[in-house]
1. Test Leu98 against the criterion of being on the phi < 0 side of the Ramachandran plot and at pLDDT 90 or above, and give yes or no.
2. Scan the stretch 78-94 residue by residue and report those that are over 18 Å from the mean Cα position of the chain (by Cα) and open to solvent by 40 Å² or more (accessible area, probe 1.4 Å).
3. Which residues, counting only those in the stretch 31-42, are assigned to a helix (DSSP H, G or I), surrounded by fewer than 18 Cβ atoms within 10 Å (Cβ to Cβ) and modelled with pLDDT of 90 or more?
4. Give all pairs with beta carbons closer than 7 Å in which a residue from the stretch 62-78 that is closer than 12 Å to Ser50 by Cβ meets a residue that is of a type in the set (D, E, K, R) and in a helix (DSSP H, G or I); count only pairs at least 6 apart in sequence or on separate chains.
5. Any chance you could count how many residues in the stretch 1-30 are among the hydrophobic types (A, V, I, L, M, F, W, C), open to solvent by 40 Å² or more (accessible area, probe 1.4 Å) and in a helix (DSSP H, G or I)?
6. Of the conditions (1) within 17 Å of Asp97 (Cβ to Cβ); (2) open to solvent by 60 Å² or more (accessible area, probe 1.4 Å), Phe62 satisfies every one except a single condition; which number is it?
7. Residue pairs, Cβ under 9 Å, 6 or more apart or interchain, first in the stretch 119-145 and on the phi < 0 side of the Ramachandran plot, second in a helix (DSSP H, G or I) and aromatic (Phe, Trp, Tyr). List them.
8. Name every residue in the stretch 55-79 that is out of contact with any helix residue (DSSP H, G or I) (no Cβ under 6 Å at 6 or more places or on another chain), of a type in the set (A, V, I, L, M, F, W, C) and either in a loop (DSSP other than H, G, I, E, B) or under 25 Å from Ser94 (Cα atoms) (or both), in order of residue number.
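The values are calculated or read from the model by the stated rules, or taken from the named source; none is laboratory data. Just so we're clear, the structure is a prediction, and the values are computed from it rather than from any experiment. Cβ placement follows ideal geometry from the backbone for every residue including glycine, while neighbour counts extend to all protein chains displayed. What goes into the accessible areas is simple: the full protein's heavy atoms, side chains included, and nothing from ligands, DNA or RNA. Shrake-Rupley method; radii C 1.70, N 1.55, O 1.52, S 1.80 Å.
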Amino acid sequence: MKANLSLKMIGEWIGILLIFSVMAAIGNWVGYQYPFQESLIGMFILCFISLLGLIVEKLFPFENVPAIIYISLIGLFVALPWFPLAEPIIYYTSKVDLISLTTVLLAYAGIAMGKDLDSFKKVGIRGIIVTFAVIFGTYIGSAIIAQVALMYTGMI
């Protein structure tokens, strides 16, 4: 059993999730004109679901099940029509735009990457070229798939 869960760890998760919530709600309000209070409530709901998933991942004895599985299952469960709070949960979480979440996440990833700049320098120019090629290939591949799908469905 891997119940290596402490109050300190939960406190750190809560702190990070609260900061993330406020930043994403501000991004929602500024970038997409969603009401700040509704976005913030939606973010708190999403972060509470994430916190529950992280806690469940630490408490359950299954070794190779990542937290994202538990978070997804909890989110799916609370959005089911027969769940008593499904309607307000769906209402408030629909006030959170995905792009505002990714903006905050990518900003955090950039800060984390900047912290490990020495490790990034060790990769060298070949690693950087391969990274750009992978990103470019993924983008082009996604665009081709989207184009084919939209043409097949008659949307374009």
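1. Working: on the phi < 0 side of the Ramachandran plot: yes; at pLDDT 90 or above: no.
No; evaluated as a whole, the condition is false for this residue.
2. Leu80, Pro81, Trp82, Phe83, Pro84, Leu85, Glu87, Pro88, Tyr91, listed by residue number.
3. Matches in the stretch 31-42: Phe36, Gln37.
4. Ala67/Glu57; Tyr70/Glu57
5. Of the residues in that region, 13 qualify.
6. Among (1) within 17 Å of Asp97 (Cβ to Cβ); (2) open to solvent by 60 Å² or more (accessible area, probe 1.4 Å), the lone unmet condition for Phe62 is (1).
7. Close Cβ pairs (under 9 Å, with a partner that is in a helix (DSSP H, G or I) and aromatic (Phe, Trp, Tyr)) amount to Gly127/Phe120; Ile128/Phe120.
8. Ile55, Phe60, Phe62, Val65, Ile68, Ile69, Leu73, Leu76, Phe77
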